[in-house]
Amino acid sequence: MNKLALALMVLGLVVVGLAGGYYASSDSPARCLDERRQAVDFAQQATAAGEGTPEAAELMDKSREASDWADGSCAAADGMKQQSLGIAAAGVLMLVIGLVLKVRGSKAPTG
């Protein structure tokens, strides 16, 4: 029973570490912020160019396009975060089960 408990605890720690690495390896959160910032910059430039000018219309189109790309990047980042949290929760569950088995195994009579 102790070997099973130890194996579950080690596996739980490995899974939690892998979940953190999976989330950290993504550039989606940074890309989401960059694209949002770019969309706002285009909108500010359009406002500065003057309402109704062809330049303002072009800049607003670029702003909408950057905003659409940002929506996709932000959705990908949110999905990856949810997946990472689910994987980490499974790892923590394995760790807790291993700890419970270890504690119960050490309290059991050896007779």
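Each value in this text was obtained by applying a stated rule to the coordinates, not by laboratory testing. All values reported here derive from a predicted model rather than from experimental measurement. As a convention, Cβ positions derive from the backbone with ideal geometry for all residues, glycine included, and neighbour counts pool all protein chains shown.
Couple of notes before you dig in:
- Relative contact order computed over the chain (Cα-Cα under 8 Å; 6+ residues apart), in percent: 51 percent
- Among the GluC sites (Glu not before Pro) found in the stretch 23-111, those both in a DSSP coil and sparsely packed, with 15 or fewer other Cβ atoms within 10 Å of their Cβ, are E51.
- Extension gain from V92 to D41, taking 0.36 nm per residue of separation minus the Cα-Cα distance: 14.1 nm
- Helix axis angle, 2-24 relative to the chain longest principal axis, alpha carbon, degrees: 10 degrees
- Net lengthening on full extension, V14/E55 (0.36 nm per residue, minus Cα-Cα): 9.4 nm
- Gain upon complete extension [K107, K81; 0.36 nm per residue less C-alpha separation]: 5.5 nm
- Label point of N2 set 7 angstrom out along Cα-Cβ; within the stretch 69-111, amide nitrogens under 20 Å from it belong to 95-111.
- The Cα-based radius of gyration of the chain, divided by its Kirkwood radius, gives an Rg/Rh of 1.43.
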